[in-house]
Each structure stands twice: as structure tokens, then as C-alpha cells.
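Attaching a single structure in C-alpha cells format; questions to follow.
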Amino acid sequence: MKKISLFVSMALFIFSAVAVAHGPVRGKMTATVSFDAPADKVWDVIKNYDDMSWHPGIQSVEADNGNNKGSVRVLTLKGGGKITEELKAYKADKMSYKYKITDMTTVNTIQHAGQDEDIPVLPVENYQATLTVKQKGAMSVVTWVATYYRGYVNNNPPVELNEEAADEAVSAVLTAGLTSLAEKFGTKTNVKIEMRR
């Protein structure tokens, strides 16, 4: 009985130590907007991987292989900086595509825990996202789902690279894009954001 009790105590100790010392937890942010427009017309605006003119934060896009899987695009941001993304899946019949950030330029370098830490234009790691349009009655429902980790993968992140910084930046990107898209169809509406960790 003592052995079982000791084992349970050790297991609880290890579990609690791991829980306290964990690194970043993957976040999932879902942004949704609904407005009165045919889904195929909305898809026409966002379907081209090499065209993000519908997003107010993007100055220009260059892609090497259009809407084909593996196509790499470079987004030049209006505020400065670049983001490189790879197309992971494209489903025209489902009006959906998925992509992943593979590289970003640095906007700043800070000192943290005795080391230089680069601050990328989007303070995240391992960012993937899916953009989808669906018809619901007379409404188009556009959903943009992003999954990511905070920009600092070790414990005790600086404020520039913590979960709050990551969530705020991703929320701003998704909200600005979907708000602008709705406005192209003459609708001013709120973007619904749901966050899970």
C-alpha cells in the first residue's frame, strides 16, 4: 500500500511540475463574418492566392505558382515588413484554402534573458490558417481560422512575444481583413472572434 501511495504522490508531483513549467500552448482563433451576398461572388474576391488586395494591411503580393499546392507567396505589408507563406491546400469546390507562414522579416530586436530576441512583424510561431466561404441562406459566411504559438517558445516570454501579443496581432489581421471584405459588398458588420487554448 505504501508503494502505491508513493507512486501516486510521485506521479502527482511530476504532473504538477510539468504543468507549471510548460512552454507555449497552441492557440486557435476563429474569426467569422456574415453578410448578404452570394458566396460565389465573395469567393471570387478572395480565391486567388496571389491577390490579397481585399486586405487593407497588404500592399502587394507575389506568388510563384498561383493556386497550386506548394505555391509560395510574399506579402509586402503597408506598415513595412514582409511575410512569406506556403499554400498547403486549395479546394475551389469547397471555397477554401489553407496556408502556413514560413518566414517573416524582423521589426525590432530586444534583449531578453541575456540574449538578443528578434521581434517579427507578426509575433507568432508555427502559424497556419484556413480561409473559407460558405452560403447560409441569402448570407455568405466567411471564416478565417488561425492556429499558432506565441513568438517566444521558451518559458517566461518577453511582453513583445507572449500569448497576449500574439493574440492581439492575429486578431487585428483577421478582423481588418474580414471587415474590409464585408465593406466591399456594402456591409458594415462586426467580426466575431472566438479564441481557444
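Does any residue in the range 50-63 that is in contact (Cβ under 8 Å) with a residue 60 or more places away in the chain and within 15 Å of residue 175 (Cα to Cα) come within less than 7 Å, Cβ to Cβ, of a residue that is of a type in the set (S, T, N, Q) and surrounded by 14 or more Cβ atoms within 10 Å (Cβ to Cβ) six or more places away or on a different chain, and which pairs are these?
That search, which allows pairs on different chains as well, returns 54/180; 55/180; 56/180.
Still on this structure, please answer the following. Among (1) within 19 Å of residue 30 (Cβ to Cβ); (2) touching a strand residue (DSSP E or B) at 6+ places or on another chain (Cβ under 6 Å), where does residue 135 come up short?
Result: residue 135 passes all but (2).
What's the number of the only condition in (1) assigned to a strand (DSSP E or B); (2) closer than 21 Å to residue 145 by Cβ that residue 60 fails to meet?
Only one criterion is unmet by residue 60, namely (2).
A follow-up question, please. Assess whether residue 93 counts as being assigned to a strand (DSSP E or B) and over 21 Å from residue 61 (Cα atoms).
When the stated conditions are applied, residue 93 does not pass them.
OK, next. Just checking, does the range 58-67 include any residue being out of contact with any strand residue (DSSP E or B) (no Cβ under 6 Å at 6 or more places or on another chain) and either basic (Lys, Arg) or farther than 17 Å from residue 44 by Cα (or both)?
Among the residues of the range 58-67, at least one is out of contact with any strand residue (DSSP E or B) (no Cβ under 6 Å at 6 or more places or on another chain) and either basic (Lys, Arg) or farther than 17 Å from residue 44 by Cα (or both), which makes the answer yes.
All but one of (1) touching a residue at least 40 places away in the same chain (Cβ under 8 Å); (2) part of a strand (DSSP E or B) hold for residue 122; state the number of the condition that does not hold.
(2)
Something else now. Could you run through the range 128-146 and say how many residues are assigned to a strand (DSSP E or B) and out of contact with any Asp or Glu (no Cβ under 9 Å at 6 or more places or on another chain)?
12
Throughout, read-outs are computed from the coordinates displayed, never taken from laboratory work. Keep in mind it's a predicted model, so treat the numbers as computed, not measured. With ideal geometry, Cβ positions are generated from the backbone for all residues, glycine too; neighbour counts draw on all protein chains shown.
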